[in-house]
Amino acid sequence: MRVFVLLFNAGTDNEGIHSIRVGDRNTIMMFESEDDATRFALMLEAQDFPTPTVEGMDAEDIKEFCESAGFGWELVPENSNIVVTPPEQNVEETDWKPEGQTQNNYDNSSQSEEQEMSASELDSFRRRLEGLL
């Protein structure tokens, strides 16, 4: 059976698959409908998440991956009454990094930025962002 999942940095060495946290376990959403997967991807993007790619894959391959990685999986049926929406909160740090960044340069750049900004600079930045809303 062919299903659709959301991938980040598809086709690269830094590829990641989207999962949601259900209890203490990561769960991969497998969509029967490409349209439903695309809608979910657009909702993620609206939450300032990096833009995922919708990829069709064999459901058995995804299930095998989930078993080997200790993930759960959930099938979202086509034309179901189930409304799938992304969770309110995203994890702070992902296992994959945005395209063009390796684990090391991502971690080092974020640490140095955190160390360089003082509390007053952060407050000023926060006020400017709130002013945009």
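Being aliphatic (A, V, I, L, M) and surrounded by 15 or more Cβ atoms within 10 Å (Cβ to Cβ) is the filter; apply it to segment 55-72 and report the residue that is farthest from residue 28 (Cα to Cα).
Out of the qualifying residues, it is 57.
Any residue in segment 14-37 that is exposed (fewer than 15 other Cβ atoms within 10 Å of the Cβ) and hydroxyl-bearing (Ser, Thr, Tyr)?
For segment 14-37, residues exposed (fewer than 15 other Cβ atoms within 10 Å of the Cβ) and hydroxyl-bearing (Ser, Thr, Tyr): absent.
If we only count strands (runs of 3 or more DSSP E) wholly inside segment 1-86, which ones have 1 or more residues that are touching a residue at least 60 places away in the same chain (Cβ under 8 Å)?
Once the strands (runs of 3 or more DSSP E) in segment 1-86 are filtered for at least 1 residues that are touching a residue at least 60 places away in the same chain (Cβ under 8 Å), what remains is 2-8, 20-22, 72-76.
Of the residues that sit in segment 38-54 and are of a type outside the set (Val, Ile, Thr) and open to solvent by less than 60 Å² (accessible area, probe 1.4 Å), which one is nearest to residue 75 (Cα to Cα)?
Looking at residues that are of a type outside the set (Val, Ile, Thr) and open to solvent by less than 60 Å² (accessible area, probe 1.4 Å), I get 40.
The values are calculated or read from the model by the stated rules, or taken from the named source; none is laboratory data. Since this is a predicted model, take the numbers as computed values, not measurements. Note that each Cβ is placed from the backbone with ideal geometry, even for glycine, and that neighbours are counted across all protein chains shown. Heavy atoms of the whole protein, side chains included, go into the accessibility calculation; ligands, DNA and RNA do not. Shrake-Rupley method; radii C 1.70, N 1.55, O 1.52, S 1.80 Å.
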